[in-house]
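These notes are about the structure you will find just below.
The values are calculated or read from the model by the stated rules, or taken from the named source; none is laboratory data. Everything quoted here is computed from the prediction, not taken from an experiment. Virtual Cβ from ideal backbone geometry, glycine too; neighbours counted across all protein chains shown. Protein only, heavy atoms only, side chains kept; ligands, DNA and RNA dropped before computing areas. Shrake-Rupley method; radii C 1.70, N 1.55, O 1.52, S 1.80 Å.
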Amino acid sequence: MKKYGKYIRALAFILGLILIVEAMDFAFGQVGEIRWKFINVNKKDSNYDTVILGDSHTKCAIDPNIIDEEAGLNSVNMAINGATVKDMYYILLESCRNNDIKNVVLDVDYLYWMSPQEEGTFNECFVYNQLPASSYVRYKYILDNLNKLDIRNVIAHRTSYSFATSTVKNNISLKLNSDFWNGTIFATNQTKESSCNSGKGYMPVADTCVTNDMEAELCAYDFLSTTTIADCRINYFEKIEEYCDENEINLICITSPITPTSYECLCYEQVNETMEAFFENENVTYYDFNLLKEDVLDRTKDDYVDNEGHMGITLSKEYSTFLGEFLDTVISEDDVDTSIFYENIDEASEDLNNGE
């Protein structure tokens, strides 16, 4: 027995470490919709044919139920707060694990394409950490990023830790609830009023959250005066493009409309020109819906929660109706009516801002 003592002690140490990490995850790891979305998209009876990728803008703007009604699809909104182009690549892979995806709608957010974010940051792995242990995508992410990952984030969900007493109590309460183990949305601090719409991943923001005092928020986005797309974004977009080509998936890139009064402050004319030139060079379908004419989608700053461009629920429903009809046209390969678009952002800004 002495012969194996050191091995037994090593194994006991490893098992003890696992138990400690699991206990810490259970107590301190906050519960959010990311875990729920990954569980939902891979349910055996989901049968999704269309996945919508994006970040918080997309999550509160696009209602798959309306999209499905207008376009005859079975879509799911897999947008996640703060998701980068890199995240979207792995989210796409996970969405395709148990679904025969035919269409990808990628909502291009100016913030995550033109910001100076780098790979390997502490919070970068917040998405993959929520992937189930049974998913090959989780391990692909680790292998793809071995030279960038903080090993502590590989073995624990420490990016979501909170040590506040009230939060710990809430975490434990949620995780002892059957909703958590069954993967329902009500184990994510979501109320029935604000929860994902019928399991489709859309999380609307109530119109009552809209504020008219939003000017101070714009100063953080002065970097948009530069018109450079980082190599990391290009690299992962091309991975998405390659995956879609190999699997005969329609890739449709859009930009959901942001707050019209922010166009000038955010140098959006330059952003639009940069993104349109990029997608034209990639030979990928792209539509910037900030160019939608007012009589097609009537919108003012009062329809948004902030200057950054998060829609309130009323506008999101109207936008989803338009988008469903539009996708039906694009997927059917019918000609798009280009008369619904302004010629440029300056023209759009003049018309839309006059209706503040």
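Segment residue 144..residue 26, full-extension length gain: 39.8 nm, with 0.36 nm per residue of separation and the alpha-carbon distance subtracted. By the Stokes-Einstein formula, at 0.890 mPa s and 25 °C, the stretch 40-137 with its Kirkwood radius over alpha-carbon pairs has D equal to 174 µm²/s. Each label was represented as a point 7 Å from its Cα along the Cα-to-Cβ direction; for residue 339 and residue 15 these points are 7.5 nm apart.
Hey, any idea what the orientation-averaged projected area of the convex hull of the chain's Cα atoms comes to, in nm²?
Computed as one quarter of the Cα hull surface, the answer is 20.6 nm².
Lys and Arg at +1, Asp and Glu at -1: add these up for the other residues within a Cβ distance under 13 Å of residue 24 and post the number. Around residue 24, the surrounding residues sum to +1. In straight-distance terms, cross-link reach from residue 175 covers every one of the aspartates and glutamates whose alpha-carbon lies under 13 Å from its own, apart from those fewer than eight places away in the same chain; here that gives 22, 25. Probing with 1.4 Å while keeping every protein chain in the model, the per residue accessible area of the chain equals 47 Å².
A DSSP coil position with no more than 11 other Cβ atoms inside 10 Å describes the following trypsin sites (Lys or Arg not before Pro) in the stretch 15-72: 44.
Counting only protein heavy atoms, what percent of the accessible surface of the chain is carbon or sulfur at a 1.4 Å probe? Provide the component values of the computation, followed by the final result.
Details: 8550 of 16890 Å².
Carbon and sulfur: 51 percent of the exposed surface of the chain.
A simple packing score, the average count of other Cβ atoms within 10 Å per residue, orders the peptides 97-106, 332-341 as 97-106, 332-341, with the highest score first. A straight line joining the Cα centroids of the stretch 126-171 and the stretch 291-308 runs 37 Å.
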